[in-house]
Each structure stands twice: as structure tokens, then as C-alpha cells.
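Presented below is the structure to which this report refers.
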Amino acid sequence: MRKAFVPSLLLAGLVAAGIASAAGPQAKAPEPIVKPVMTRALPDYPGKEVLVLEVEYPPGGADPVHRHDAHGVVYVLEGSIVMGVKGGKEVTLKPGEAFHEGPDDIHTVGRNTSSTEPARFVVFLLKDVGTPALLPPGT
């Protein structure tokens, strides 16, 4: 009887370890919820427009690595987020704080600091008319 008990315990341990690793660091973070607020052509700057977005990171939410072919300013409304660009320091932002990234920056870090509360912020992009707001890092 004891021999049957040990393999069962071993099997239960392996199953539990597999479940824990499946929910571990490889689990994909929830994607942000993006709501367009406004797009406006800028007659004083031919070919340019401003795009305003409201973004919510769900609890544990994060952005994939990306870039904007634009100047971007992030202004935090609620919660706390971490932002960072390639070659720069990561910064933690709270309500009322802002972050800038330029058209050549690769946005390597964008995430909610909380795993239980959402974070909301507004993004202002100054970009070429017709250019997508979000681009893969290699473009």
C-alpha cells in the first residue's frame, strides 16, 4: 500500500507544479482598453494631427513592446503605472504626473503597478495624418 501512496503523492505534486507554472510569469498580462477621445488636424502644422486617447490598464495589465511615429505625452488620471523607453530609466507615475516619448523611441515598458486596481491615463499624440497610433518596434 505504501508504494502506491508515494507515486500518487508524486503525481499530485507534479500536477500542482504544472498548474503553478502555467499561471506563473509566462501568463499573458491583460491588454489595455483604449478609447479614442478626439482626432484633430492642425492647420498651422500641415500634415500633422493630434490624437487623444483614454487608456485603462486592467489590474496586472500591460502593453506589448511598441512605438509611436509621434511625440506622445501620457498623463495619469487614476492608479499608478510604470513607463519606459529603450535606453531610458523606467519611471513610476501617479495621478497628475506625465511622461513623454518621442517618434524614435521604442516603448519597452508600460504596465499597471497594481494587480488588484485598474489604472487610467490620457495619451496625447502629435503625429502625421493617417499614421497609425501604434506600430511594431521594428518599423
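In terms of solvent-accessible area of protein heavy atoms at a 1.4 angstrom probe, what is the ranking of 38, 83, highest value first? Walk me through the numbers before you get to the answer.
On the way: 38 70, 83 0 Å².
Solvent-accessible surface, decreasing: 38, 83.
The loop-placed trypsin sites (Lys or Arg not before Pro) in region 40-139, going by DSSP, that have at most 15 neighbouring Cβ atoms within 10 Å of their Cβ come out as 86, 89. Using the Cβ of residue 75 as centre and a radius below 12 Å, the other residues enclosed give a net charge of -1, where K and R count +1 and D and E count -1. Leaving out same-chain residues fewer than 8 places away, which aspartates and glutamates sit with a Cα under 16 Å from that of residue 35? Within reach: 54, 56, 63, 78. Our estimate of slack between residue 94 and residue 116, defined as 0.36 nm per intervening residue step minus the Cα-Cα distance, is 6.3 nm.
The values are calculated or read from the model by the stated rules, or taken from the named source; none is laboratory data. All of these numbers come straight from a predicted model, not from anything done at the bench. Methodologically, a virtual Cβ is constructed for each residue, glycine included, from the backbone with ideal geometry; neighbour enumeration extends over all protein chains shown. Quick note on the areas: whole protein, heavy atoms, side chains included, nothing else; ligands and nucleic acids left out. Shrake-Rupley method; radii C 1.70, N 1.55, O 1.52, S 1.80 Å.
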